[in-house]
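Presented below is the structure to which this report refers.
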Amino acid sequence: MKKRLIVFFTMIIMMFSFCACEFQDEKTTNYHGYSYTDLKNQGIKLLSEIDKLASSKDLSEMERSGQIKSNYLEAIKKYKETQDKYGKNKKIGDFHISVAGDTLTTKYTLKNDKRDTEYQVIYNYNTMEIKDFSFNPIFTLGEKLQSAGRNTIVSVLIVFAMLTFISIVISGFKFISGNPKPKNEVQLKPIKQENVVENENLVDDAELVAVIAAAIASYEKVQTSDFVVRKIKRR
């Protein structure tokens, strides 16, 4: 039991140590000449500029004249949409940095009137040039589960409807592919085969019998005057 407790507490200490090292590494890492504080301050400054331009009356004129870069212009539009939906930004909350391949992303939690949003500044990690901005709403775990359940129900209903439609189409094939008999079709009746019995020709064998009888009588030296010849019919 003691060994299990020792192993358990050792694992917990290692996990906390790993998390502490990771958190410390985020703040002490040099991001191609930029520190943690530099990137945090730069993102806050950019957000302040975006907020000013979003409320400026000359925004449409600057857009027509091309004074604003396309990525900044898209960021301003997204920021205005976020404010209309979730209210104005009251303060900036947590800040984190993440690196994935050639992309570095700084993430800020914005505390708005109606719903918190995540403000991101996306850099090219090789050149540290700004690629894009994003403003995304932050949903609670309950809201995420509710949305996932709703999407699952909708997907099941769609699949059920498709299967029902396919079964109806398949059941209709027997009516579509049936070959009805034409009205004027002549029905051929089977012909009964009759057994034809050939009539045998009865041959009159009187002469043949007389010849045979005469031959026998001659051989046996019997008089032929007593012989009577009758006709023989074959049956």
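The values are calculated or read from the model by the stated rules, or taken from the named source; none is laboratory data. Just so we're clear, the structure is a prediction, and the values are computed from it rather than from any experiment. Ideal geometry is used to build each Cβ from the backbone, glycine not excepted, and the neighbour counts take in all protein chains shown.
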Which ones in the range 88-107 are closer than 13 Å to residue 119 by Cα and either outside the structural domain of residue 46 (by TED's automatic domain parsing) or among the hydroxyl-bearing types (Ser, Thr, Tyr) (or both)? 105, 106
Looking at the range 23-38, is at least one residue farther than 12 Å from residue 97 by Cβ, outside the structural domain of residue 112 (by TED's automatic domain parsing) and outside any loop (DSSP other than H, G, I, E, B)? yes
Taking residue 124, is it surrounded by fewer than 16 Cβ atoms within 10 Å (Cβ to Cβ), in the same structural domain as residue 59 (by TED's automatic domain parsing) and polar (S, T, N, Q)? yes
Checking 102, 132 in turn, the sole residue that is surrounded by 10 or more Cβ atoms within 10 Å (Cβ to Cβ), acidic (Asp, Glu), touching a residue at least 60 places away in the same chain (Cβ under 8 Å) and closer than 29 Å to residue 31 by Cα turns out to be 132
